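Working notes, beginning with the structure itself.
Every number in this text was worked out from the coordinates using simple rules, so none of it is lab data. It should be emphasised that the depicted structure is a prediction, and the values quoted were computed from it without experimental measurement. Note that each Cβ is placed from the backbone with ideal geometry, even for glycine, and that neighbours are counted across all protein chains shown.
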Amino acid sequence: MTPASQSETTQQGPRGPLAVVIVGAGFAGIGAAAELRRRGITNFTILERADEVGGVWRDNTYPGCQCDVPSSLYSFSFLPKHDWSDRFATQPEIQQYLRDAVRHLDLESRIEFGRDVSQVQWDVEAQLWTVSIAGGESLRARMVIVGSGTLNEPSIPKFDGLADFSGELFHSANWPADFDPSGKRIAVIGTGASAVQFVPKIAEAALSVTVFQRTAPWVLPRGDRSVPRWQQQLNGRVPAAMSVTRGVDFLRRELLTNSFVRSGRMLSLIERTGRRHINSQIADPSLRALVTPEFRAGCKRLLMSDTWYPTLTRPNVTLTTTPISHFTSTSVVTRHDPGGSADRDTTVGPIEVDVIVLATGFRVQRRSILSVIVGTDGDSMAAAMFKTAPTAYLGSTLPGFPNLVLMTGPNTGLANNSMLLMIEAQARYAADMASYLDRNPDAALDVRSAVMESFTSELEERLGHSVWADGGCASWYQDAHGRVTALWPGTTTEFRRRTREISLADYRVLSRPQ
Ligand code: NAP
């Protein structure tokens, strides 16, 4: 649609009704669109607030950004990529894959860029969603698929004085394209999946890097390697070769699930591997102690890096576990913490820096899109979801929000496998709902409260003794009460089976008021 025709429709009132509006053009939105197409549903549009596809893989451009799931598992099963350059795909290559996917699936004309969704409201009379876009336009649709992502709202801790800092300050997900670490004194707050990837890169050029670690993560050997040209060609010519690699990578990850859910013996093996990794890469006993985790492996996301520990031994890199007190215009001020680990760590006091990088993760539990989706009784999805624990039936649907599927919703995250497997399963589920609505023009599907309550109890029971709940850590996998609300408790195979189709027994069929 051209800008001219968009403004025309503004003057004429809401556009539509469309069969489906998809919010977001990352893997989730594109995967859902592909599945709609496959089922012959073509009356849909994708609203994307940025000017590019890619979601998190567009936003995270920090040096060294790379997937920590093998690339064999990082393309859609219906559009395999055979020529990944590395065993773990890099961010630019993943984003290019998504651009290519959009072209290949002929979705280019379906994506409307620069369209920031400001409200999604159910119209009880018309049984339609009204999707409002910042700037004034609105669309009507029978169904909405929310694919706007989970790890896309940076979490900025409320440190005293942070706003007064006069040097460069940014979050890892908002990496300035022209940032040059050369000769700079850099503070990095956080030691999660993002930090372990970019700190080794910036440390090569920076004058100094001070890493502020609150909790030491488990870091395992990565074993990355580039994929030789001959192997890429073989994968292209003999698709079975790639399928075998994908199958082996898939099974290895799938089989790990039980260990996390039951805190099984495999975790001790992982911990031994983690300790060996520390001991083989760090000679200094006091640094070894600082980086040795004090919780069970898997409780937080397992990290993989062959360069993290060697980087911490560089003369221009300091790891400090002394808690941050506040910031001044030029420094990070730490505080002595008698109850903490300050006695093992000599860095106390102001540390003068030129740059602060916040590698402090994302707001996962309360992403803002949930506040602007308003259902049948006028409540926002955030209000409905947070009455109890953040949950949705099969991570997808919520009572009072008919004809709406939340992609990568609560309890659909994975600790050990590719999210694309979950996204494809949810896309099929959403498209099955769209097909039903297509066949039944007067109906709407609203998941039964009892079905969701029983699903929520099942999750609590299955996750209650998982390492994510009992492993002795706090993480974004949990809500404020320590309940595991981000992760799926089973295998991806189970999730695929349970989301293969919409079971009408799970839903109330609403008919349009006469
Ligand atoms: P993260 O894993 O949530 O790590 C945030 C870090 O910041 C933690 O070390 C945390 O410490 C620290 N932190 C947060 N608030 C703090 C505060 N107030 N004071 C001091 N430290 C604080 O975030 P992330 O590294 O951006 O990764 C987020 C997720 O993105 C990952 O779990 C992963 O799912 C995904 N990711 C994936 C890849 C990939 O390879 N595919 C790469 C990057 C990210 P505590 O541990 O003490 O809370």
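Scan segment 17-53 for residues that are of a type in the set (F, W, Y) and under 21 Å from L151 (Cα atoms) and jot them down. Break it down stepwise before answering.
Start the filter on segment 17-53 by keeping residues that are of a type in the set (F, W, Y), which leaves 27, 44.
The one that is of a type in the set (F, W, Y) and under 21 Å from L151 (Cα atoms): F27.
Of all residue pairs spaced 6 or more apart or on separate chains, those with beta-carbon atoms under 7 Å, a first member in segment 65-89 that is buried (at least 21 other Cβ atoms within 10 Å of the Cβ) and a second member that is of a type in the set (V, I, T) and assigned to a loop (DSSP other than H, G, I, E, B) are W84/V227.
Here is the figure for segment 156-178: residues that are over 16 Å from I324 (Cα atoms) and either among the charged types (D, E, K, R) or surrounded by fewer than 15 Cβ atoms within 10 Å (Cβ to Cβ) (or both) total 6. Among the residues in segment 113-129, are any away from the ligand (no atom under 16 Å from the Cβ), without any contact (Cβ under 8 Å) to a residue 24 or more places away in the chain and more than 30 Å from R37 (Cα to Cα)? Checked against the condition, which is being away from the ligand (no atom under 16 Å from the Cβ), without any contact (Cβ under 8 Å) to a residue 24 or more places away in the chain and more than 30 Å from R37 (Cα to Cα), segment 113-129 yields no hits at all.
Listed by first and then second residue, the pairs with beta-carbon distance under 6 Å, at least 6 apart or on different chains, first residue in segment 281-303 and assigned to a helix (DSSP H, G or I), second within 14 Å of the ligand (Cβ to nearest atom), are L290/L319; L290/T321; V291/A216.
From the set of residues in segment 226-267 that are charged (D, E, K, R) and crowded, with 19+ Cβ neighbours inside 10 Å, which is nearest to the chain's Cα centre (by Cα)? Break it down stepwise before answering.
Taking segment 226-267 first, the residues charged (D, E, K, R) are 229, 237, 246, 249, 252-254, 262, 265.
From what is left, the residues that are crowded, with 19+ Cβ neighbours inside 10 Å are 246, 249, 253.
Numbers: R246: 21, D249: 20, R253: 18 Å.
By that ranking, first place goes to R253.
Tell me, yes or no, whether segment 221-240 has at least one residue that is at negative phi, small (G, A, S) and out of contact with any Ser or Thr (no Cβ under 8 Å at 6 or more places or on another chain). Break it down into steps so the answer makes sense when it comes.
Residues of segment 221-240 at negative phi: 221-222, 224-240.
Filter once more, keeping what is small (G, A, S): 226, 236, 240.
So of that shortlist, the ones also out of contact with any Ser or Thr (no Cβ under 8 Å at 6 or more places or on another chain) come out as 236, 240.
Yes, some residue in segment 221-240 is at negative phi, small (G, A, S) and out of contact with any Ser or Thr (no Cβ under 8 Å at 6 or more places or on another chain).
Do any helices (runs of 4 or more DSSP H) entirely within segment 354-439 hold 2 or more residues that are under 15 Å from the mean Cα position of the chain (by Cα) and under 17 Å from A25 (Cα atoms), and if so, which?
Details: elements: 369-372, 381-385, 419-439.
Counting at least 2 such residues, we get 419-439.
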